[in-house]
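Here the structure is laid out as structure tokens; the discussion comes afterwards.
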Amino acid sequence: MAVFAAFAAVLAAALVAARRRARRSWPARARVVSAEDHTTLDDNGAVRSTQAADLTLPPHELEQLWTPAQLERLAATYWRFLSRVTLGLIRVDYSETQRTVVLLRQPLRLLRFGAPEYAMDDTHGIVRWRIQDGLLVARAGHHSDGYLQIDVRRSDPGDGPAESTRLHVEVEVANFYPSIAHSISRHVYRWTQSFVHVLVTHGFLRSLARLDLAESRVGRYAPQSPAEVPDPADADAVGQP
């Protein structure tokens, strides 16, 4: 537990320092708007955690971002941020069917996900990774209905001033069974793994104000428009449980 606490302290300091150095020159503004009770555990020990931010940016920037290819790049940006903020200790291995979060290298698999599932229309985009297994996942959560998801919604152009528009971004973990909570205690989970997850996610959401999206390693949607991607209004588009 002391190791987790020390790691969290170093991580917090790095995030604050990086944000202070660059945020004044970023082309957009990001404000975290998550509710205080953003993480809950149900009676079975399943976690649901949602962190959200509002991104304010010029309309022309949003129009350039609103494509399936950019949604795919947003997904890649999440993994890039995770690796950078942990100074490369945590990285993501890609395959056609999986995304594996590893500590340094295989076989230290912290989390293993299925390949991302995408849905998008003119106002709403979703990318979801289904949780398969890993050292951080209790046996009850192996190959169940848990997932990590990034959800983006754009505001109506008439909702604000003409020179800016708003993009609401949520990062959600649902039906996740943490091994720490099941094998040690829920309190230890809340003050270690959960705390670090929230800290990293808030840093990721704020970093989006840079509008610096990572290049996708797959390039699945490069030539497509939102109309060619499954509709988020259809629950089956991203396999909602």
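The values are calculated or read from the model by the stated rules, or taken from the named source; none is laboratory data. Keep in mind it's a predicted model, so treat the numbers as computed, not measured. So basically every Cβ, Gly included, is an ideal-geometry build from the backbone, and we count neighbours across all protein chains shown. Heads up: the accessible areas ignore ligands, DNA and RNA and are worked out on the full protein's heavy atoms, side chains in. Shrake-Rupley method; radii C 1.70, N 1.55, O 1.52, S 1.80 Å.
Structure summary
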| quantity | calculated |
| --- | --- |
| Qualifying positions in the range 164-181 - crowded, with 17+ Cβ neighbours inside 10 Å and more than 18 Å from the chain's Cα centre (by Cα) | T165, R166, S179, I180, A181 |
| Selected residue (criterion: modelled with the lowest pLDDT) from residues of the range 34-82 that are over 26 Å from G141 (Cβ atoms) and in a loop (DSSP other than H, G, I, E, B) | P58 |
| Test result for E215, out of contact with any Leu (no Cβ under 6 Å at 6 or more places or on another chain), open to solvent by 40 Å² or more (accessible area, probe 1.4 Å), in a strand (DSSP E or B) and touching a residue at least 24 places away in the same chain (Cβ under 8 Å) | no |
| Odd one out for L89 among (1) more than 25 Å from V169 (Cα to Cα); (2) open to solvent by less than 20 Å² (accessible area, probe 1.4 Å); (3) free of Cβ contacts under 8 Å to residues at least 24 places away in the same chain; (4) hydrophobic (A, V, I, L, M, F, W, C) | (2) |
| Test: residue in the range 100-111 that is crowded, with 19+ Cβ neighbours inside 10 Å, under 20 Å from E215 (Cα atoms) and modelled with pLDDT of 95 or more | yes |
| Residue within the range 70-80 that is among the aromatic types (F, W, Y), open to solvent by 40 Å² or more (accessible area, probe 1.4 Å) and within 30 Å of S225 (Cβ to Cβ) present | no |
| Residue match in the range 87-99 (condition: among the hydrophobic types (A, V, I, L, M, F, W, C) and closer than 14 Å to D212 by Cβ) | no |
| Complete set of residues in the range 163-212 that are among the small types (G, A, S), assigned to a helix (DSSP H, G or I) and touching a strand residue (DSSP E or B) at 6+ places or on another chain (Cβ under 7 Å) | S179, A181, S194, A209 |
